[in-house]
Structure formats: structure tokens, C-alpha cells
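> First the structure, which I've put down as C-alpha cells, then a few questions once you've had a look.
The values are calculated or read from the model by the stated rules, or taken from the named source; none is laboratory data. Not measured: the values here are computed from a predicted model. Positions of Cβ are backbone-derived with ideal geometry, glycine not excepted, and every protein chain shown enters the neighbour counts.
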Amino acid sequence: MADATPHAVTNPDADLPGHLNYLIADTASLDEEGTGLKIKIFHSRAFPWEDVFKALLYRGYAVKITNHKADLFIEANK
């Protein structure tokens, strides 16, 4: 059986922010902060949780979910 993990996830030279922007489309926004990423989630039901976590964790990011009032954020740092 072929591995279903996209090349952009496992390739260390791939553009991770570009891949994440493609995945999240209009369900969230992505900000790059130094060596980390911060994703603000707009539509939690439509958000591609599994694909985003897989992309971040395969690349060695530590992932933390936080909230501020009613907003959810994914903070990922190397």
C-alpha cells in the first residue's frame, strides 16, 4: 500500500507555510513568528485538523492549542 502522506509534509525543503495556507484556505489565517507559526482558526468544524497537525508534527514542530476569548489558535514552534 502506498504512503498517503503528501510530499510537501515530509520533504524538509518544501514550503511549509505555503502548504499550510493551501490546506487551511479560508478556515484560518497563518502568521509566521520567528521560528514558529501561529494559526488563528475561524471555522473549527471545517478546519483540516488532522492534515495541519500531521504537517507540523512531521516537520518537528511542538504544537500547542490555545484560546483567547472565543478564538482558537495553534501555536507551533521548533
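> Is it the case, given these coordinates, that A55 is within 18 Å of H19 (Cα to Cα), modelled with pLDDT of 95 or more and of a type outside the set (V, I, T)?
Values: within 18 Å of H19 (Cα to Cα): yes; modelled with pLDDT of 95 or more: no; of a type outside the set (V, I, T): yes.
When the stated conditions are applied, A55 does not pass them.
> Can you pull out every residue in region 16-41 that is β-branched (V, I, T) and closer than 18 Å to L57 by Cβ?
Within region 16-41, the first condition is being β-branched (V, I, T), and the residues that meet it are 24, 27, 35, 39, 41.
Within region 16-41, I24, T35, I39, I41 qualify.
> I'd like the full set of residues that are without any contact (Cβ under 8 Å) to a residue 12 or more places away in the chain and either in contact with a Ser or Thr (Cβ under 6 Å, 6 or more places away or on another chain) or in a loop (DSSP other than H, G, I, E, B) (or both), limited to region 44-78.
Scanning region 44-78 gives R45, K69, A70.
> Could you tell me how many of the residues in region 23-43 are polar (S, T, N, Q), in a loop (DSSP other than H, G, I, E, B) and surrounded by 11 or more Cβ atoms within 10 Å (Cβ to Cβ)? I'd like the intermediate steps shown before the answer.
To start, the set of residues in region 23-43 that are polar (S, T, N, Q) comprises 27, 29, 35.
Add one more test, that the residue is in a loop (DSSP other than H, G, I, E, B), and what stays is 27, 35.
Now drop any that are not surrounded by 11 or more Cβ atoms within 10 Å (Cβ to Cβ), which leaves 27.
Residues in region 23-43 being polar (S, T, N, Q), in a loop (DSSP other than H, G, I, E, B) and surrounded by 11 or more Cβ atoms within 10 Å (Cβ to Cβ): 1 in total.
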